1. Do the conditions hold for MET87, that is, is it in contact with a Ser or Thr (Cβ under 6 Å, 6 or more places away or on another chain), among the hydrophobic types (A, V, I, L, M, F, W, C) and either part of a helix (DSSP H, G or I) or under 29 Å from THR110 (Cα atoms) (or both)?
2. From GLU192, GLU130, grab the single residue that is at pLDDT 90 or above, among the acidic types (Asp, Glu) and more than 30 Å from ASP77 (Cα to Cα).
3. Go over the candidates ALA163, ALA144, ALA172 one by one and state the one that is surrounded by 11 or more Cβ atoms within 10 Å (Cβ to Cβ), out of contact with any Phe, Trp or Tyr (no Cβ under 6 Å at 6 or more places or on another chain), touching a residue at least 60 places away in the same chain (Cβ under 8 Å) and of a type in the set (Gly, Ala, Ser).
4. Take the conditions in contact with a Phe, Trp or Tyr (Cβ under 8 Å, 6 or more places away or on another chain) and in the same structural domain as LYS19 (by TED's automatic domain parsing) and apply them to LYS120. Does it pass?
5. Just checking, which of ASN72, ASN32 is under 28 Å from ASN6 (Cα atoms), among the polar types (S, T, N, Q) and surrounded by 17 or more Cβ atoms within 10 Å (Cβ to Cβ)?
6. Taking the range 1-39, which residues are assigned to a loop (DSSP other than H, G, I, E, B) and farther than 30 Å from ILE184 by Cα?
7. Of ASN121, ASN185, which residue is of a type in the set (S, T, N, Q), more than 18 Å from the chain's Cα centre (by Cα), at pLDDT below 95 and surrounded by fewer than 14 Cβ atoms within 10 Å (Cβ to Cβ)?
8. Taking the condition surrounded by 15 or more Cβ atoms within 10 Å (Cβ to Cβ) and either among the aromatic types (Phe, Trp, Tyr) or in contact (Cβ under 8 Å) with a residue 40 or more places away in the chain (or both), does GLY86 pass?
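The values are calculated or read from the model by the stated rules, or taken from the named source; none is laboratory data. From a predicted model like this one, the values you see are computed outputs, not experimental measurements. For neighbour counting, all protein chains shown are included, and Cβ atoms are generated from backbone atoms with ideal geometry for every residue, glycine included.
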Amino acid sequence: MVISKNVNRLLRYRSLLLKMQDLGFETVYSYNLGREAGVSPEQVRKDFSQFGIKGKKKGGYNVIELLFTINNIFRKDEMQCVILVGMGNIGKAMLQYRGFKHRMIQIVATFDIDPSKYRKNCPVPCYPMEDLKRVVSELDVKTAIVAVPERAVQEVCDQLIAAGILGILIFAPTIIKAPPHITINNISISHELESLIYQTLHVKRD
């Protein structure tokens, strides 16, 4: 069974492979990737096997071929469309983030409850929540980003799921009730900072 940690590491390997390709590397070994990713060579090989990726014994991996295989796994040969709910500060920052384009991700529509933010005749239109189900169906989107106040997250997720969304990224530490076939990832900046602060306070100094 493939879990989110395996997926995240595979994406990390992909980023490293892109850098290696730019530097002119033709072959890479599990210990190269492991050293740069902060994991053991055994973990690299285990992660690859989870996705059916095999290398040559003692011959490593061809960088171009490995990138091609990973790109196919994540369908990087085609643009992946997502929608965004919440056009506050975080939502606007997500919409303006240029890194999505390089990773073949495109925000194709946004939603908000504030009528002053509605825009339909622009590259990325903003719709009222009442249009959610129609737009999701028309655009055939399965993934959404939620950047709304914590108190509204569950309600918004319920609406997204009812509209046909299968994967949701949330910028809040909220625990969401959802059917088992729905994938929900939470990002809490405050929790990440608290964890980082704890680790810096308890680091062992030589």
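1. Values: in contact with a Ser or Thr (Cβ under 6 Å, 6 or more places away or on another chain): yes; among the hydrophobic types (A, V, I, L, M, F, W, C): yes; either part of a helix (DSSP H, G or I) or under 29 Å from THR110 (Cα atoms) (or both): yes.
When the stated conditions are applied, MET87 passes them.
2. Working: GLU192 fails: at pLDDT 90 or above.
Answer to the check: GLU130.
3. Numbers: ALA163 fails: touching a residue at least 60 places away in the same chain (Cβ under 8 Å); ALA172 fails: touching a residue at least 60 places away in the same chain (Cβ under 8 Å).
Going through ALA163, ALA144, ALA172 in turn, just one is surrounded by 11 or more Cβ atoms within 10 Å (Cβ to Cβ), out of contact with any Phe, Trp or Tyr (no Cβ under 6 Å at 6 or more places or on another chain), touching a residue at least 60 places away in the same chain (Cβ under 8 Å) and of a type in the set (Gly, Ala, Ser): ALA144.
4. Numbers: in contact with a Phe, Trp or Tyr (Cβ under 8 Å, 6 or more places away or on another chain): yes; in the same structural domain as LYS19 (by TED's automatic domain parsing): no.
Spelling it out, it is not the case that LYS120 is in contact with a Phe, Trp or Tyr (Cβ under 8 Å, 6 or more places away or on another chain) and in the same structural domain as LYS19 (by TED's automatic domain parsing).
5. Details: ASN72 fails: surrounded by 17 or more Cβ atoms within 10 Å (Cβ to Cβ).
None of the others qualify; the one that does is ASN32.
6. Initially, the range 1-39 is screened for residues assigned to a loop (DSSP other than H, G, I, E, B), giving 1-3, 23-26, 29, 38-39.
If the condition is that a residue be assigned to a loop (DSSP other than H, G, I, E, B) and farther than 30 Å from ILE184 by Cα, then LEU23, GLY24, PHE25, GLU26, TYR29 are the ones that fit.
7. Values: ASN185 fails: more than 18 Å from the chain's Cα centre (by Cα).
Step by step, each of ASN121, ASN185 is checked, and only ASN121 is of a type in the set (S, T, N, Q), more than 18 Å from the chain's Cα centre (by Cα), at pLDDT below 95 and surrounded by fewer than 14 Cβ atoms within 10 Å (Cβ to Cβ).
8. Working: surrounded by 15 or more Cβ atoms within 10 Å (Cβ to Cβ): yes; either among the aromatic types (Phe, Trp, Tyr) or in contact (Cβ under 8 Å) with a residue 40 or more places away in the chain (or both): yes.
Criteria met by GLY86.
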